[in-house]
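In what follows, a single structure is set out as structure tokens and then discussed.
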Amino acid sequence: MNNRDYHKFDAVVLAGGDYPTAPQPLEILNNAEYIVCCDGAADNYISLGHTPDAIVGDGDSISPENREKYADRLHIVNEQESNDQTKAVRFLLSQGKNKIAIVGATGRREDHTIGNISLLIEYARAGANVCSFTDYGVFVPCSGTTTHNCRKGQQLSIFSITAKALSAEGLLYPIYDFTNWWQGTLNECTGESVTIHAEGEYLLFFNY
């Protein structure tokens, strides 16, 4: 997996956190070929003059008016073992869309934010090539050795999930087998690419 292009996606999921305000997630949202709103995000998206291609969730957050108006693209999933973001990703995978950007997944509640970010690993295990864009940067789930485009001086944080034998090329500070999340934060790219070597899974966060 080399030099991912973070701006070419089959679809975008608009989650139910804070609506994006930064240029990067807004650009991705505004130029999306296919947009799935979690039902908690649909009302806001529609109120801004947009029309989602699909609305996915348990249906408990969308207004009665929009529930009726957009019934033709509303996909209700009643099970409560997963959140609406996961239901939206599974819906896209079932449609053969596996290059997925998620926006609006952070903010409001910190526990939901942590949950939404940690789920990126589960989506990658399911076959999704997924990234989650916040107002400050992008989270990328990874496994094994990966190479990524970056810029000199760009900040990068690494969060180990199951990763061992961690090392890197193109970072200011050496990395090692982290035992806590904070240990891999606030590193810095020294050139135009960075390679992470690992056995297992980890999350990267590239600051814009």
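The values are calculated or read from the model by the stated rules, or taken from the named source; none is laboratory data. These numbers were taken from a predicted model, which means no experiment stands behind them. Here the Cβ positions follow ideal geometry from the backbone for every residue, glycine too, while neighbour counts run over all protein chains shown.
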Residue within the stretch 58-79 that is touching a Gly at 6+ places or on another chain (Cβ under 9 Å) and closer than 29 Å to Val194 by Cβ present: no
Candidate set from the stretch 116-138 (those that are touching a strand residue (DSSP E or B) at 6+ places or on another chain (Cβ under 9 Å) and in a loop (DSSP other than H, G, I, E, B)); member that is farthest from Leu26 (Cα to Cα): Ala128
Some residue of the stretch 67-78 being surrounded by fewer than 21 Cβ atoms within 10 Å (Cβ to Cβ), in a strand (DSSP E or B), outside the structural domain of Thr195 (by TED's automatic domain parsing) and at pLDDT 95 or above: no
Subset tally (residues that are under 21 Å from the mean Cα position of the chain (by Cα) and exposed (fewer than 15 other Cβ atoms within 10 Å of the Cβ)) for the stretch 180-206: 5
One residue from Ala22, Ala42 being surrounded by 18 or more Cβ atoms within 10 Å (Cβ to Cβ) and touching a residue at least 12 places away in the same chain (Cβ under 8 Å): Ala42
Residues (part of a loop (DSSP other than H, G, I, E, B) and either under 21 Å from Glu122 (Cα atoms) or more than 23 Å from the chain's Cα centre (by Cα) (or both)) located in the stretch 154-179: Ile161, Thr162, Ala163, Gly170, Leu172, Tyr173, Pro174, Ile175, Tyr176, Asp177, Phe178, Thr179
Residue that is farthest from the chain's Cα centre (by Cα) [pool: residues in the stretch 42-92 that are hydroxyl-bearing (Ser, Thr, Tyr) and under 20 Å from His112 (Cβ atoms)]: Ser61
Count - residues of the stretch 180-208 that are assigned to a loop (DSSP other than H, G, I, E, B) and without any contact (Cβ under 8 Å) to a residue 12 or more places away in the chain: 1
Failed criterion for Ala163 (all others in (1) buried (at least 19 other Cβ atoms within 10 Å of the Cβ); (2) touching a strand residue (DSSP E or B) at 6+ places or on another chain (Cβ under 6 Å); (3) in the same structural domain as Glu81 (by TED's automatic domain parsing) hold): (3)
